[in-house]
1. Exactly one of these conditions fails for F673: (1) of a type outside the set (S, T, N, Q); (2) outside any helix (DSSP H, G or I); (3) crowded, with 23+ Cβ neighbours inside 10 Å. Give me its number.
2. Run down A483, A539 and say which single residue is aliphatic (A, V, I, L, M) and assigned by TED's automatic domain parsing to the domain that holds Q687.
3. Taking the criterion of being in the same structural domain as L426 (by TED's automatic domain parsing) and farther than 24 Å from C643 by Cβ, would at least one residue in the range 486-503 satisfy it?
4. Can you go through T432, T479, T471 and tell me which one is surrounded by fewer than 24 Cβ atoms within 10 Å (Cβ to Cβ) and either in contact (Cβ under 8 Å) with a residue 60 or more places away in the chain or among the β-branched types (V, I, T) (or both)?
5. Under 6 Å by Cβ, and 6 or more places apart or on different chains, what pairs join a residue from the range 380-394 that is of a type in the set (K, R) with one that is at pLDDT 95 or above?
6. Suppose we filter the range 279-329 for residues that are of a type outside the set (G, A, S), in a helix (DSSP H, G or I) and touching a helix residue (DSSP H, G or I) at 6+ places or on another chain (Cβ under 9 Å); how many remain?
7. May I ask you to say which residue of V408, V366 is without any contact (Cβ under 8 Å) to a residue 24 or more places away in the chain, out of contact with any helix residue (DSSP H, G or I) (no Cβ under 9 Å at 6 or more places or on another chain) and either among the aliphatic types (A, V, I, L, M) or more than 17 Å from M486 (Cβ to Cβ) (or both)?
8. What residue, among those in the range 280-307 that are buried (at least 20 other Cβ atoms within 10 Å of the Cβ) and closer than 30 Å to V395 by Cα, is nearest to the chain's Cα centre (by Cα)?
Amino acid sequence: MIYQSDAITLERHDGGILEMRFDLAGESVNKFNQLTVQCLTAALDALDQEKDVKGLLVTSGKGVFIVGADITEFTSLFGSAAEDIAGFTAENNGNFNRLASLPFPTVAVINGFAMGGGLEICLACDFRVMSTAAKVGLPETKLGILPGWGGTVRLPRIIGVDEAVMWMATGKDHSANAALKAGAVDAVAAPEQLKEVALATLGQAMEGKLNYEKRRTAKHSPLPLNDTEAMMSFFTIKAGVAQQAGKNYPAPMKVVDVIEKARGMGLEDALKVEAEGFAELATTDVAAAMVGLFLNDQLLSKVAKSWEKKAEKKVERAAVLGAGIMGGGIAYQSALKGVPIKMKDINQAGIDLGLSEANKLLAKRVSRGRMTADKMGAVLNSIDPQLSYDGFKDVDIVVEAVVENPKVKHAVLTETEKEIREDAILASNTSTISIDFLAEALQRPENFCGMHFFNPVHAMPLVEVIRGEKTSDEAVARTVAYANRMGKKAVVVNNCPGFLVNRVLFPYFDGFSKLVRDGADFQAIDKVMEKWGWPMGPAYLTDVVGIDTGVHAGGVMAEGFPDRMELDFKTATEIMFDNDRLGQKNGKGFYAYVNDKRGKPKKTVDETTYELIAPHVAERQEFSREDIIARMMLPMCTELARCLEEGIVGSAAEADLALLYGIGFPPFRGGVFRWMDTVGLKHIAEQSEKFASLGKTYELTDGMQAMLADGKTYY
C-alpha cells in the first residue's frame, strides 16, 4: 500500500499500474468533503514519489463513484467574501489539475453515480469507462450555483458547447448509453466487466494505441470556434437557456456566460473565469435558498425513513375506497411502485372512471418510452377493481377517498373497519375534515390517521400524514412507510382544521379576497404573484382547485379559526360560486376556459366576472407590486409561524417543503421561513404594522415577536 487514509487508498498492481480508490470511512457514499480533498492532496503527493508508474486507475470502493461536494460544508460560505468562496474551489482545482497533468495515462472507472465534483474528477482523467448501472451529471444549477472544479471548462472541450450547456443548464443526470453517445465517456461495460474494460483501455493508452496527450491538449486549449461560429452558437444557446430557465434562476445563464467568456482561453485562465462565476452565484439569495431546499429534503427523507423503521409490519397490500379520479390516481401510484391495491367503489361507473384514470396515466408513460406495454399490463393487473369487500382481510392499509362529506366518510369508515384485520391501518384522504371527528365512529381509533394526497396524485409529491389525538405511532409509521413506497414525500403533522397546507393556504386566499374587495384587479394580482414566482396566481389557482371546493374549505377554516379567518364581507370567490362559476371544471370561474388543440383548458379573460363582482367591491384602483406581495404573503407567513409554534409541524424545514411540494411555493425562494430569513423579520414586522388594520392574520405571532427581539432566524 503506497498511501492509506480514511478517504483514499493508493496501491500498486502488476505492470506499473496504480489504483487510487475513493472509500470514505463511515459514509455510505463517497463525497468531496474537506477530509477527502485533503486526502487527495496527500495521495497525489505520495504518487509523485513513486517510480516506474505507467498508468493510473481512479476507482470507488462503494456502490457509487462520488456523489459530489459535501453540501453541508458549503452552507458556511453564504455571506462570505468572493475571495473566501474562491478558496473553497481552489484546493481541489489544484488537485484535479495535478491529476490531469500526470506523466502517464489515467482512467476513471465509473461504477455508480458520478455527480458534480464526482464527474469533474472523471473529466480531469484522460479516459472514462462507465458501468451500465451508473449515471453521471452536473446538477449544480439545481442548487443555484455552477460547477466549480473545472466542469464548465473541460466538458465543453470534450463533448462540444451545445451538449455541455444542455447538461449543465438542466442539471439532469445521464445514463451510460447517453453519456457514451454524447462523448462524455469512452466505453460502457456491464458491472461485472467494468474493471476488465477499464484495464484494457488503460493498457491501450500505455501502449500508445490511444493518444491521451492529444486529449489533454484539447482540454487545455481554447474552444475550437472562430468568432463568427461563436457568435452564432452562443446567441442561439442564450435564447434557449433564457427561455427555459426564466429570470428567477440565474445559474443556467451564468454557465453560458462563463463558457463564452473563457472560450478563447487556456485551462488556467478559463478556470479563473469559472471561479469568478461560481463565487458570484454563491453569494446570491437564490443559491442559499436552493441549497437550503436540498438540505431540507435530505432531512425530510431522514425523518420519513426513521418513521418507516418504527413500523412493526410492512405494507405489502393496500386498498382504496372510492374510485374516480382521486381513487384511480392513488391506485395507479400504488401499483406503479409495486404495491398491489384493491380499488373499491359502490357502483361500476366509479370503478370504470378509476380504471380509466390509471389506464390513461400508464398509456402516457408507454407513449413517452418510459414503460413497455408488457409492464403497463402488469401494473394494471395489480389493480383489483371490485364492488365488495372481498379480500380486504388480506390488506395492510386502506385509504378512504370518498366524497368530502363528514356523514358519508363516517359511514364508510365504520363499515370498512369491520371488514379489515384488527392490525390493519385505516387512513382518510380528507383535506379538511378533522381526524379526531372521523375517529369518533371507530372501534380502533389508534389504527386510524389522515393520509392527505394532493391532486393530481401522480404529479404532486406531498402526502400529509395527519396524527389524531388517539392515533398510535404504529399507524403513523406504517402510513409513512406506505407513502415512501409510493415515492411520495411524507410530512407528519398534528390534527387541526386544514391540517398544515390548507390551513396556511387559506389565509393567503383571504389576502386575495381583501385586495379584490378594496379595488384591486384580480388579473393584476395574478400577474404580480406569478412574476414573484408562484406557478399560478390566486384567482387562477382557485379556478384550477375548484371554486366550490374553495368555498367549502374556506367555510371549514372560518369555523375552525373564526378570530382571523371568518370574513365579514362577501368574497369574489363566493360570488363566483353563487353564479355557478366553479372554475375549470365547468369552464368558467374568475376566467373562462376553452380547450386548446391538445384538449387542455386555456385561460381567457371574461368580462362577466368584473360585472358580477362590481356591486361588492370598491372602485378599481392600482396597488403597488410591493403592497400586493405583502398583503398576499403576510397571512401565510403568520399562519405558518403559528403552526410551528403550536407543534402542528415538526420543523421549519418540513413546513417549507410541505408548501413547496404541496402547492408549488417558488423553489428559488427556499420556502416561507427561508424567505422571511432572507428579507428579515424586521421587514416583515414593518409590513405587519403597515397593514395591521386588515386583521389578525397580519399580526406577528408571539413567537415571531420574540425572535425579532432576540435577533433570531428560522434557519
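The values are calculated or read from the model by the stated rules, or taken from the named source; none is laboratory data. Please read these numbers as outputs of a predicted model, since none were measured by experiment. Here the Cβ positions follow ideal geometry from the backbone for every residue, glycine too, while neighbour counts run over all protein chains shown.
1. Status for F673: all satisfied but (2).
2. Just one listed residue meets the conditions, A539.
3. Among the residues of the range 486-503, at least one is in the same structural domain as L426 (by TED's automatic domain parsing) and farther than 24 Å from C643 by Cβ, which makes the answer yes.
4. T432
5. K393/R421
6. Going through the range 279-329 one residue at a time, the tally reaches 22.
7. Testing whether each residue is without any contact (Cβ under 8 Å) to a residue 24 or more places away in the chain, out of contact with any helix residue (DSSP H, G or I) (no Cβ under 9 Å at 6 or more places or on another chain) and either among the aliphatic types (A, V, I, L, M) or more than 17 Å from M486 (Cβ to Cβ) (or both) leaves just V408.
8. Taking the candidates together, the pick is L300.
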